[in-house]
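Everything below concerns the one structure shown next.
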Amino acid sequence: MPESVESIQPELFTWEFAADPYPAYAWLREHAPVHRTTLPSGVDAWLVTRYADARQALADSRLSKNPAHHSGQGHRSGRVGIPGERQADLMTHLLNIDPPDHTRLRRLVSKAFTPRRVAEFEPRVQQLTDRLIDGFAARGSADLIHEFAFPLPIYAICDLLGVPAEDQDDFRDWAGMMIRHGRGPRGGVARAVKKMRSYLLDLIHRKRADLGDDLISGLIRASDHGEHLTENEAAAMAFILLFAGFETTVNLIGNGLYALLGHPEQRALLQESVRRGESALMDTAVEELLRYDGPVELATWRFATSPLSIGGVDIPVGDPVLVVLAAADRDPARFAAENTLDLARRDNPHLGFGHGIHYCIGAPLARLEGRLAIGTLLTRLPDLRLDAEPDALRWRGGLIMRGLRELPVVFDPAGPSIRA
């Protein structure tokens, strides 16, 4: 007998899948919740799609972040991890190491990346947000990815790191090359990462002679039981804070705005709440946008260091494991009305920023930027409308992140911000 439609596995990693992966993830949760597949890079890996299994895997110490534990050759050929990081000697950061080194480096970084520092940064993020909106508000149209969601976190994280204003456009160019995922010139990603590393090492040298109140100066000052960060560790940490801190927020803002444009009733509730000066709905809205169509589709690479079982499936030593956050965060076993955008959702322990010791250290900054960016845009341009058919929009390729290439909108032209 022919297989039923329900039992036929959907094709993964196509352009159609990238546009809407959620039906395929629903099939995997139901039929193959821990599924071995061949990735577009040719690396074989396990996909974990159910919430309970995902939460277990994210906190399991038998799953190492160090690519050296990969049984294959993917880590040597650059097919696992962040593109370009191995060639640029930027591997010693929080996404690639385990305790005790991870514990030491995270504690050092946490001293420089405190909630107080993020809270004090709010006026600067608001200023950047208004300046970017001023750049297109009078025109009546914009691409909210290239003109808003992309530059905002780049300039914000550069300010936080202490990159001088005159150098920040270089960072914007390098970051743009890194998120094109193969659509730029051949070798462009590796060159951009190497340029970034060279610049960061030079900046660290300069700041040693003139420490400020920025994050790189904080990394230089930070010590733990008399043990300081090496210059290479500091450069790698600055690199990963920049990379993870900007692309995650680009997609949080872009995906979030796209979701709101497609759900006018929810958007209207949020706009009215913001207009009244309330914060509660915006706070839950950011969490729901992270759950509903979050910026990180798959958690970064993990590798089995000893035999283990996930969801009743045995994982051999050395095999890569990828936790599918996008699938786990729409698991009906954990979230009621899992495919519904509910900005007031309260019971929302999503995994958008991970779980366990590798929980995203930059989550407070991403939340701040998302809240200010979305709230300010909806306030200043309340009649924002999508200027394309949803099917015509294209999503960036790549394994870990999920984000739009562009988000064209139209609106009634508005004047400059009174804050500007």
In whole angstrom, largest first, the equivalent ellipsoid semi-axes that the Cα gyration tensor gives for segment 286-332 are 26, 12, 6
Have a look at Trp15, Trp174, Trp46 and tell me which one the Gaussian network model of the chain (Cα, springs below 10 Å) gives the largest fluctuation. Trp15
Selected from Arg62, Arg405, Arg275 as most flexible by GNM, with the chain as the system and alpha-carbon contacts under 10 Å: Arg275
Once the mean of 1/r over all distinct C-alpha pairs in segment 106-173 is inverted, the Kirkwood radius in Å reads 13.3 Å
State the answer as a single residue: which of Val324, Met237, Ile133 lies farthest towards the positive end of the charge dipole of the chain, with beta carbon charges of +1 for Lys and Arg and -1 for Asp and Glu, about the Cα centre. Met237
In straight Cα distance, which aspartates and glutamates are under 20 Å from Lys194, not counting same-chain residues fewer than 8 positions off? Glu85, Asp89, Glu166, Asp167, Asp169, Asp170, Asp173, Asp202, Glu231, Glu233, Glu247
Ignoring GluC sites (Glu not before Pro) that are buried or in helix or strand per DSSP, and keeping those with at most 13 other beta carbon atoms within 10 Å, what is the longest stretch of the chain between them? 12-277
Taking amide H atoms as placed 1.01 Å from N in the peptide plane, list the residues 5 or more away in sequence, or in a different chain, whose amide H sits under 5 Å from that of Arg302. Val321
Can you tell which of Ala268, Asn251, Ser217 lies farthest toward the positive end of the dipole of segment 213-273, using +1 and -1 charges on the Cβ of basic and acidic side chains (Lys, Arg; Asp, Glu)? Ala268
Net lengthening on full extension, Tyr22/Asp134 (0.36 nm per residue, minus Cα-Cα): 36.8 nm
For a quick check: with amide H placed at 1.01 Å from N, whose amide H comes under 5 Å from Glu297's, ignoring anything fewer than 5 positions away on the same chain? Met401, Arg402
Using the Karplus curve 6.51 cos²θ - 1.76 cosθ + 1.60 with θ = phi - 60°, work out ³J(HN,Hα) for each residue of segment 374-382 in order, rounded to whole Hz, and write x for Gly and Pro. 5, x, 5, 5, 5, 6, 7, 10, x
What would the Debye formula give as log10 I(q)/I(0) at q = 0.11, 0.17, 0.19, 0.26 Å⁻¹ for the alpha-carbon point model of segment 338-420, no solvent? -0.49, -1.13, -1.29, -1.32
Could you quote the convex hull projected area for the chain, Cα atoms only and averaged over all directions, in nm²? 21.3 nm²
Point-charge dipole on Cβ atoms (K/R +1, D/E -1) for the chain, about Cα centre, debye to 20: 920 debye
In whole percent, how big is the carbon plus sulfur part of the accessible area of segment 254-389, probe 1.4 Å, protein atoms only? 55 percent
Give the distance, in whole Å, between the Cα centre of segment 139-172 and the Cα centre of segment 205-274. 12 Å
Diffing segment 395-410: the Karplus 3J(HN,Hα) column from phi (6.51, -1.76, 1.60, θ = phi - 60°), in whole Hz with x for Gly and Pro, holds 9, 5, x, x, 8, 8, 8, 10, x, 7, 6, 8, 9, x, 9, 10
Taking a probe of 1.4 Å, how large is the accessible area per residue of segment 306-420, in Å²? 41 Å²
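The values are calculated or read from the model by the stated rules, or taken from the named source; none is laboratory data. What you see is a predicted model, and the numbers here were worked out from it, not measured in a lab. Cβ atoms come from the backbone with ideal geometry, glycine included; neighbour counts cover every protein chain shown. Ligands, DNA and RNA are stripped out before the accessible areas are found, and what is left, the full protein with its side chains, is counted by its heavy atoms. Shrake-Rupley method; radii C 1.70, N 1.55, O 1.52, S 1.80 Å.
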